[in-house]
Amino acid sequence: QVQLVESGGGLVQPGGSLRLSCAASGRIFSIAAMGWYRQAPGKQRELVAVMSSTSSTNFADSVKGRFTISRDDDKNMVYLQMNSLKPEDTAVYYCNAAGILDQTGWIDDIWGQGTQVTVSS
């Protein structure tokens, strides 16, 4: 069974940086897209950044120029480097993997449990 486990959240001051990591476990052959979403209190979950297996990326306008996303397909991991953090970046960040081919077959979409990022002085 494929699972996603995030790490790297925490409390950071405005202007600071954090790096989130997400590891997909299981006997995985390929993952079409891996990315990050976030959900702030009282708001809907929104896309932060996503990277396809061909390395194409998509970012929310609010994070362009501040966040970068990368993947290590040998390790089935995705990373989110967050720089110049702002209080409005405060949210629970969720890892997502879509289009997974593993030993059991095709999986459309799975989510991690989430990691809290708080930007505050």
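Residues in region 107-121 that are surrounded by 15 or more Cβ atoms within 10 Å (Cβ to Cβ) and either at pLDDT below 95 or touching a Gly at 6+ places or on another chain (Cβ under 6 Å) (or both): 107, 115, 117. Residue pairs whose Cβ atoms lie under 9 Å apart, separated by 6 or more positions or on different chains, with the first residue in region 102-121 and within 16 Å of residue 25 (Cβ to Cβ) and the second in a loop (DSSP other than H, G, I, E, B) and of a type in the set (A, V, I, L, M, F, W, C), are 102/2; 104/2; 107/2; 110/2.
Scanning region 1-18 for residues that are assigned to a strand (DSSP E or B) and either among the hydrophobic types (A, V, I, L, M, F, W, C) or in contact with a Pro (Cβ under 9 Å, 6 or more places away or on another chain) (or both) yields a total of 5.
Could we say that residue 12 is more than 21 Å from residue 98 (Cα to Cα) and surrounded by 15 or more Cβ atoms within 10 Å (Cβ to Cβ) here? Criteria met by residue 12. Of note, residue 110 satisfies the criterion of being farther than 23 Å from residue 17 by Cα and of a type in the set (A, V, I, L, M).
Looking at residue 44, is it polar (S, T, N, Q), in contact (Cβ under 8 Å) with a residue 60 or more places away in the chain and farther than 15 Å from residue 9 by Cβ? Considered against the rule, which asks whether it is polar (S, T, N, Q), in contact (Cβ under 8 Å) with a residue 60 or more places away in the chain and farther than 15 Å from residue 9 by Cβ, residue 44 comes out as no.
The strands (runs of 3 or more DSSP E) found wholly in region 19-106 and carrying at least 3 residues that are open to solvent by less than 30 Å² (accessible area, probe 1.4 Å) occupy 28-39, 46-52, 77-82, 91-102.
The values are calculated or read from the model by the stated rules, or taken from the named source; none is laboratory data. Quick caveat: nothing in here was measured; it's all calculated off a predicted structure. Note that we place each Cβ from the backbone using ideal geometry, even for glycine, and neighbour counts take in every protein chain shown. The area values use the complete protein model at the heavy-atom level, side chains included, leaving out ligands, DNA and RNA. Shrake-Rupley method; radii C 1.70, N 1.55, O 1.52, S 1.80 Å.
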